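The values are calculated or read from the model by the stated rules, or taken from the named source; none is laboratory data. All figures in this text were calculated on a predicted structure; none of them were measured in a lab. Here Cβ is always computed from backbone atoms with ideal geometry, including for glycine, and neighbour counts include all displayed protein chains. Only protein heavy atoms, including side chains, enter the accessible area calculation; ligands, DNA and RNA are left aside. Shrake-Rupley method; radii C 1.70, N 1.55, O 1.52, S 1.80 Å.
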Amino acid sequence: MNYEELLESRNGAAMAKQPLPFGWMHKKLLEGKYVNVVDLRDDLKDSLVFTDALVTEAEQNKTLTDSRQIHFTTLNDSAGLYGVAVEGHFRTYAQLLAEQPAIVAQKNFINNTIKGLLQLTAFLHEKGIYHVCYAPNNVFSRKGDNEVMLLFHGSAYKAMNDQHELYGDSAAFVAPEVLEEGTIDERSDIYSIGKFMEVLYQQSEVPFELKSVIKKATAADPEKRFGSADEMLKTINNRQNTRSSLVMGIAALLIVAVCFGLYFSLVPERENIEFVKPVSEEETDDLLDEGFDPLTEMGMVGDTTAGSIDQKRMREYEAKAEQIFRKNFTREAERVLSKIYNDDGMRATEKNFLAGSHSTMEELVKAQAKLGAQAGLNDARSQLLATQIIDQVTNRLKKQMAEKEKEQ
């Protein structure tokens with residue numbers, strides 16, 4: 001066995017054909033070295049419209065300078081154009097997901113794949129080029145760094161009468177308006193990218209920042225989708241920032257809650273003690289000798305319910321005091337917590353966010369002490385009520401932010 005035969009045997013698995021929408025990609029020995037070759041489907045090789053479009057795209061392909069664009073040259077034999085030679089080392093995402101399904105959970109997957117794909121798409125759109133079909137077997141991953149890459153672009157073949165037949169089994173990733181009317185534009189690419197993202201997360205949970213993005217991108221009505229790849233990319237960036245800020249916010253809130261509880265546990269509870277001057281035995285003895293009845297002297301002769309009436313009035317007073325405190329402290333808590341639970345606050349850096357949380361804690365502690373004293377509540381009761389109110393207001397503000405984010 002010579003060197004070339006040994007090399008061919010060793011790379012046998014790598015030379016297995018990968019199905020693409022327009023044919024099959026595999027390793028082939030050309031001019032003494034192995035290169036990636038795409039052999040076209042027979043029906044496409046026989047189509048003059050397709051082969052002419054492929055030659056035109058090959059010339060245009062030379063001008064695309066983005067590093068994520070795969071470059072190719074046409075291959076001809078005695079029968080005519082039969083395929084293309086492709087530079088680089090990569091594999092389809094269909095193959096990558098089959099081999100490494102957990103890759104979608106890696107830290108930089110969204111940045112390398114989804115953001116990279118949108119950036120490349122925006123670059124192509126500026127040149128009036130539309131990829132049309134982002135099927136997993138029509139999107140590539142570069143070996144080594146897994147950076148996303150593209151090869152053929154569907155807008156070069158819009159003259160083909162039957163787009164459904166052109167893409168075959170991959171037509172499910174093509175926008176409905178392309179298949180039905182032949183309309184190819186930015187929104188048709190947005191739809192196909194959304195379908196591609198759905199497949200990426202078939203076996204795992206869709207990340208927070210992508211859920212509503214995928215739903216909007218794959219809307220049946222083109223007008224309800226993102227208007228451009230840049231708009232879609234900006235939305236993902238914003239949602240990533242919001243998610244990061246929410247995580248920091250929750251962590252900071254826990255710190256505030258711990259500090260708040262620590263403050264309450266360290267502050268001694270004050271008790272109001274009424275000092276009464278003791279009465280001498282001689283004075284009490286005289287009263288008893290004279291038949292003194294304390295109930296009669298206090299105007300409560302025969303009235304055994306007076307004590308319960310006083311207790312009832314006390315409970316009513318305490319309930320009214322708590323109502324006043326709840327109303328005033330809720331208003332103050334909403335004002336203070338709104339400083340950090342808003343669009344600007346949630347996008348702040350971690351350092352600024354923690355600083356804001358610290359000042360927020362101080363404000364709430366002061367407000368609790370002041371409003372509790374005004375309402376006539378002891379510290380222990382006002383502290384308990386304040387903790388409950390802070391929790392309620394915080395959850396309400398977080399819910400409002402989440403609903404606002406869904407609407408965007």
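Okay, here's what the table says:
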| item | result |
| --- | --- |
| R326, R142, R225, R331, reordered so the largest accessible area comes first (probe 1.4 Å) | R331, R326, R142, R225 |
| For the range 56-70, 3J(HN,Hα) per residue [Karplus equation, 6.51 cos²θ - 1.76 cosθ + 1.60, θ = phi - 60°, Hz, x = Gly/Pro] | 5, 5, 4, 5, 5, 4, 5, 8, 8, 8, 5, 5, 8, 8, 7 |
| Accessible surface ranking that places the most exposed of D230, D189 first, with a 1.4 angstrom probe | D230, D189 |
| Positive-end residue, the range 145-223 charge dipole about Cα centroid, Cβ charges, pick of V148, A217, Q203 | Q203 |
| From phi via Karplus (6.51, -1.76, 1.60), per-residue ³J(HN,Hα) for the range 41-46 in Hz, x at Gly/Pro | 4, 4, 5, 7, 4, 7 |
| Probe 1.4 Å - accessible area at E198, Å² to nearest ten | 80 Å² |
